[in-house]
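The values are calculated or read from the model by the stated rules, or taken from the named source; none is laboratory data. Everything quoted here is computed from the prediction, not taken from an experiment. No Cβ is skipped: glycine too gets one built from the backbone with ideal geometry, and neighbour counts run over all protein chains shown. Quick note on the areas: whole protein, heavy atoms, side chains included, nothing else; ligands and nucleic acids left out. Shrake-Rupley method; radii C 1.70, N 1.55, O 1.52, S 1.80 Å.
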Amino acid sequence: MKNILKKHDISLRLLSLLLSVVLWAVVMDMDNPERPRTFDNIPVRISGETVLQQQTGLSLIEGADSTVKITLRGPSKTLGDIKASQIAASVDISGLTEANEYDLPVSITVSRSGLEVEYVSPSKVHVRVDKVANKDIPVDVNVTGNPTDGCRAGKPTSPVSTITVQGPAAELANVAKAVAVVDVTGAESTLTNIECPVTLYDKDGTAVTSQHITSKTEMIKVTVPMYSIDTLPLTVTLKDGGKLTAQQVRYTINPVSVKVVASDQASLGDLKELNLGEIDLGSVRTGVPIELSIRDKLPDGVSLDSNQPDKAKVTITVDGIATRKVQVSKFAPNDTSAESTPYSVKVLTGSVEIELRGNESELQEVATDSLSIGLTFDSVSLGVGRHKVKGVAAAIGLPSDVTLVEEDIEVEIEITENSTGSGGENAGVPSDEEDSE
């Protein structure tokens, strides 16, 4: 009987112990249940970059800033203690062989036992690998804004004429230039060593926005000279000639003035007007503009402002003296190689207008057949073809108070092979009868 009771007591104790363990487990499970926990924005470490570069020359272009969302499952207390820094996400690119884009699986490791990776989003990370190259591109400097009144910005300069950019070879090929812009608004003196950011542009003139293209130079120093602007009236000097004096004529100049730019006020000195030179009244036709250079008359250190003309037109009008313009169609060719020329010469110009000056009544008495245009040329030197030669107006028996204006005359002639092939005096020069025909 004692043995039976003793055995029964042992069984009860074992059952009690088992129940205690089960109860403890239940209580512990209730106190520390399993549950999920999600961690956002876990950075993905890209491994194998060095191996990839050494084996293929490729570099990681996209994917370095990837992140994933990870859900872990495990005991509440364990999950509650874990930090995001104890979770590692990685992608291995060492096995890639070609420049391309890839979606590679993400590997997760947790530096804490008893936890299970339940979910990863995204499960794959998009990466791009390509060969990275360098390229030297030119730098342009542009000016924006307006300086203070009376000043003009000159051409900007910088010690940096090219910069080096880096990026994927395919994208780098389209980068054409860098542009720096300097603002001169309100400036009244030279701007020196102004720091200006540079912007990259492609071949179409569009700003490069790719994050994969980087410049080793982000700022350059720019100097912009400032020039003072002055308005100078234009003048000429008149030389008496052709029975005309400066007191008998008037002239107009178009334009009447020009804006000039000086590097400093000393370059202008006491200059208050710009003289375009001397005009001989003996060789000027009234009412016919004469073109004179403006730029050639500027002093050192002074230049024309933008949009200003290079030349001016001067027109002479005469007071108190009558003028008469006549058409002269009589030509007197003189071929200096006439005795040996194998050519014939024909005057193509029908007539030339010349100007006479003098007393009104005497001008009307001048017969046009007393006027001629003398031509001197060497047909052998000129050769076959059409040529323009200088002419000189001449008159026979002009009244004493009538003057023939000495001016530049051009006459067109045509030289052809002489059909006879022989020379002789006036050979190749048509006679008056031939001309009239």
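Rounded to whole Å and sorted largest first, list the principal axis extents of the Cα atoms in the range 75-138.
So the three principal-axis extents are 61, 25, 18 Å.
Can you spot the aspartates and glutamates whose alpha carbon is less than 13 Å from Lys388's alpha carbon? Ignore those fewer than 8 places along the same chain.
Asp378, Asp408, Glu410, Glu412, Glu414
Ignoring ligands and nucleic acids, what accessible area does Tyr251 show with a 1.4 Å probe (Å², nearest 10)?
Here the residue's solvent-accessible area equals roughly 80 Å².
Give me the net charge of Met226's neighbourhood, meaning all other residues with Cβ under 9 Å from the Cβ of Met226; Lys, Arg count +1, Asp, Glu -1.
That sum, taken over residues with Cβ under 9 Å, equals 0.
Of Arg45, Arg285, Arg37, which has the most accessible area with a 1.4 Å probe, and how do the rest follow in descending order? Please list the in-between numbers first.
Details: Arg45 145, Arg285 40, Arg37 75 Å².
Per-residue accessible area, sorted high to low, gives Arg45, Arg37, Arg285.
Relative contact order for the chain: what is it in percent, counting Cα pairs under 8 Å that are at least 6 residues apart?
Details: 919 pairs, mean separation 41.3, N = 437.
Across the chain, relative contact order equals 9 percent.
Can you give the accessible area per residue of the range 167-258, in Å², using a 1.4 Å probe?
54
Below 13 angstrom from the Cβ of Leu200, what's the summed charge of the other residues (Lys, Arg +1; Asp, Glu -1)?
Numbers: positive: Lys135, Lys177, Lys203, Lys216; negative: Asp136, Asp140, Glu171, Asp202, Asp204, Glu218.
Taking every other residue near Leu200 into account, the sum is -2.
Please tell me the relative contact order of the range 175-277 in percent, rounded to the nearest whole number, where contacts are Cα pairs under 8 Å and at least six residues apart.
Values: 140 pairs, mean separation 27.2, N = 103.
So the answer I get is 26 percent.
Taking a cut-off of 14 Å between Cα atoms, list the aspartates and glutamates near Lys83, but don't count ones fewer than 8 places away on the same chain.
The qualifying aspartates and glutamates are Asp40.
Would you kindly state how much longer the chain becomes between Arg35 and Lys243 on full extension, computed as 0.36 nm times their sequence separation minus their alpha carbon distance, in nm to one decimal? Walk me through the intermediate numbers first.
Working: separation 208, 0.36 × 208 = 74.88 nm, distance 11.95 nm.
Working it through step by step, the gained length comes to 62.9 nm.
So what's the net charge close to Ile93: Lys and Arg +1, Asp and Glu -1, counting the other residues with Cβ under 13 Å from its Cβ?
Overall, the nearby charge balance is -4.
Would you list, by chain and number, the aspartates and glutamates whose Cα falls below 17 Å from the Cα of Lys221, excluding same-chain residues fewer than 8 positions away?
Output for Lys221: Asp140, Asp183, Glu195.
Would you kindly derive the ³J(HN,Hα) couplings of the range 46-52 from the backbone phi angles with the Karplus curve 6.51 cos²θ - 1.76 cosθ + 1.60 (θ = phi - 60°), listing them in order in whole Hz, with x for Gly and Pro?
Each residue's phi maps through the Karplus curve to give 8, 10, x, 5, 5, 4, 4 Hz.
Counting heavy atoms of the protein chains only and a 1.4 Å probe, report the per residue accessible area for the range 274-416 as a whole number of Å². Display every interim value, and only then the final one.
Working: 7240 Å² over 143 residues.
That works out to 51 Å² per residue.
Students often get this wrong, so check it: of Lys135/Lys203; Lys330/Lys390; Lys243/Lys313, which have C-alpha atoms separated by over 19 Å?
Lys243/Lys313
Using a 1.4 Å probe over the heavy atoms of the protein chains, calculate the carbon and sulfur portion of the accessible area of the chain as a whole percent.
48
Quickly estimate the mean residue ellipticity at 222 nm for the chain, helices only: each DSSP H run with n ≥ 4 gives -39500 (n - 2.57), and the total goes over all residues, rounded to 500.
-4000 deg cm²/dmol
Roughly how tilted is helix 2-31, in degrees to the nearest 10 and between 0 and 90, from the longest Cα axis of the chain?
Compared with the principal axis, the helix lies near 20 degrees.
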